[in-house]
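Asker: If you scroll down you'll find the structure; I have some questions about it.
The values are calculated or read from the model by the stated rules, or taken from the named source; none is laboratory data. This one's a predicted model, so the numbers in the text were calculated from it and none came from an experiment. FYI the Cβ positions are ideal-geometry reconstructions off the backbone, even for glycines, and counts take in every protein chain you see.
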Amino acid sequence: MSPSRSAAPTRPQDAYLQIGEVAERTGVTQRTLRFYEEKGLLKPPTRLEGGFRLYSEDDVRRVEQIKQLQSLLGFTLAEIKEMVEAQEIKEQLRAEYRPEADLAERKEQITRAMELTERQYAVIRQKVDGLLEMKSHLEEKLKKYRGWLDQIEQGLKPRTRSP
């Protein structure tokens, strides 16, 4: 059986992995991988004639990126999709960039890459701002609790009588 996919890996070092192997390597379930595919987070995998899914190393890296965005920043799947798609477009722009191209074309490519990066930055900035606000709120609570404990400890200390 031969794999079929228009975007199949073209480099010889790109080996195909079955869904179970990808699940094991990335620590997600096979169901999660199918869900990512359904939601557009993963491109449809290469398939053998029997319908078996085959994934490339690029697919594995994308799953790892999705997991990182979810765990570190609490990204929604929609935000993750936006982030990874923007990254792919920037990689495509980088591959197509030619220093000898006319200035207008180069400016357009760089402007597009910059717009994508600004969108990614805005998503992350929103998450960071939310985390900083939560951190500040928790620091205030800890300060208040420490103050209350200090008051209690002062009340528990034995008082010495003066002669």
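Asker: Filter the stretch 82-92 down to residues that are touching a residue at least 24 places away in the same chain (Cβ under 8 Å) and not β-branched (Val, Ile, Thr) and give me whichever is farthest from ALA122 (Cα to Cα). Talk me through it step by step, then tell me what you get.
Answerer: Start the filter on the stretch 82-92 by keeping residues that are touching a residue at least 24 places away in the same chain (Cβ under 8 Å), which leaves 82-84, 86-87, 89-90.
Add one more test, that the residue is not β-branched (Val, Ile, Thr), and what stays is 82-83, 86-87, 90.
Numbers: GLU82: 12, MET83: 11, ALA86: 13, GLN87: 14, LYS90: 16 Å.
Looking at residues that are touching a residue at least 24 places away in the same chain (Cβ under 8 Å) and not β-branched (Val, Ile, Thr), I get LYS90.
Asker: Could you please tell me which pairs satisfy a Cβ distance under 6 Å, a separation of 6+ or placement on different chains, a first residue in the stretch 54-81 that is closer than 15 Å to LEU17 by Cα, and a second residue that is of a type in the set (Ser, Thr, Tyr) and modelled with pLDDT under 85?
Answerer: Filtered contacts from the stretch 54-81: LEU54/THR46.
Asker: Which of (1) in contact (Cβ under 8 Å) with a residue 40 or more places away in the chain; (2) outside the structural domain of LEU93 (by TED's automatic domain parsing) is the odd one out, the single condition LYS157 does not satisfy?
Answerer: LYS157 satisfies all of (1) in contact (Cβ under 8 Å) with a residue 40 or more places away in the chain; (2) outside the structural domain of LEU93 (by TED's automatic domain parsing) except (1).
Asker: Here is a follow-up. Could you check how many residues of the stretch 33-66 are surrounded by 17 or more Cβ atoms within 10 Å (Cβ to Cβ) and outside any loop (DSSP other than H, G, I, E, B)?
Answerer: To start, the set of residues in the stretch 33-66 that are surrounded by 17 or more Cβ atoms within 10 Å (Cβ to Cβ) comprises 33, 36-37, 41-43, 45-46, 53-56, 59, 62-63, 66.
Then drop every residue that is not outside any loop (DSSP other than H, G, I, E, B), which leaves 33, 36-37, 46, 53-55, 59, 62-63, 66.
Within the stretch 33-66, residues that are surrounded by 17 or more Cβ atoms within 10 Å (Cβ to Cβ) and outside any loop (DSSP other than H, G, I, E, B) number 11.
Asker: For GLY130, which of the numbered conditions (1) surrounded by 12 or more Cβ atoms within 10 Å (Cβ to Cβ); (2) in contact (Cβ under 8 Å) with a residue 12 or more places away in the chain; (3) under 30 Å from GLN70 (Cβ atoms) fails to hold?
Answerer: Looking at each condition in turn, GLY130 falls short on (2).
Asker: Hey, among the residues in the stretch 27-59 that are of a type in the set (Phe, Trp, Tyr) and farther than 14 Å from ALA15 by Cβ, which one's modelled with the lowest pLDDT?
Answerer: Across the stretch 27-59, the extreme among qualifying residues is PHE52.
Asker: Hey, among THR111, THR76, THR117, which residue is among the hydroxyl-bearing types (Ser, Thr, Tyr), exposed (fewer than 15 other Cβ atoms within 10 Å of the Cβ) and within 30 Å of GLN30 (Cβ to Cβ)? So that I can check it myself, show each step before the final result.
Answerer: Values: THR111 fails: within 30 Å of GLN30 (Cβ to Cβ); THR117 fails: within 30 Å of GLN30 (Cβ to Cβ).
Selected residue: THR76, the only one of THR111, THR76, THR117 that is among the hydroxyl-bearing types (Ser, Thr, Tyr), exposed (fewer than 15 other Cβ atoms within 10 Å of the Cβ) and within 30 Å of GLN30 (Cβ to Cβ).
Asker: With over 30 Å from GLN87 (Cα atoms) and either touching a strand residue (DSSP E or B) at 6+ places or on another chain (Cβ under 7 Å) or not charged (D, E, K, R) (or both) as the only criterion, which of GLN109, GLN154 stands out?
Answerer: Working: GLN109 fails: over 30 Å from GLN87 (Cα atoms).
Sole residue among the options that is over 30 Å from GLN87 (Cα atoms) and either touching a strand residue (DSSP E or B) at 6+ places or on another chain (Cβ under 7 Å) or not charged (D, E, K, R) (or both): GLN154.
Residues are listed down the side, and each one gets a yes or a no for (1) farther than 28 Å from ARG62 by Cα; (2) not in a helix (DSSP H, G or I):
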{"site": "GLN92", "(1), (2)": "no, no"}
{"site": "THR111", "(1), (2)": "no, no"}
{"site": "ARG119", "(1), (2)": "no, no"}
{"site": "ARG125", "(1), (2)": "no, no"}
{"site": "LYS135", "(1), (2)": "yes, no"}
{"site": "LEU142", "(1), (2)": "yes, no"}
{"site": "GLU153", "(1), (2)": "yes, no"}
{"site": "PRO158", "(1), (2)": "yes, yes"}
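Asker: What is the one condition in (1) in the same structural domain as THR29 (by TED's automatic domain parsing); (2) more than 26 Å from LEU41 (Cβ to Cβ) that GLN68 does not satisfy?
Answerer: So GLN68 meets the others, but not (2).
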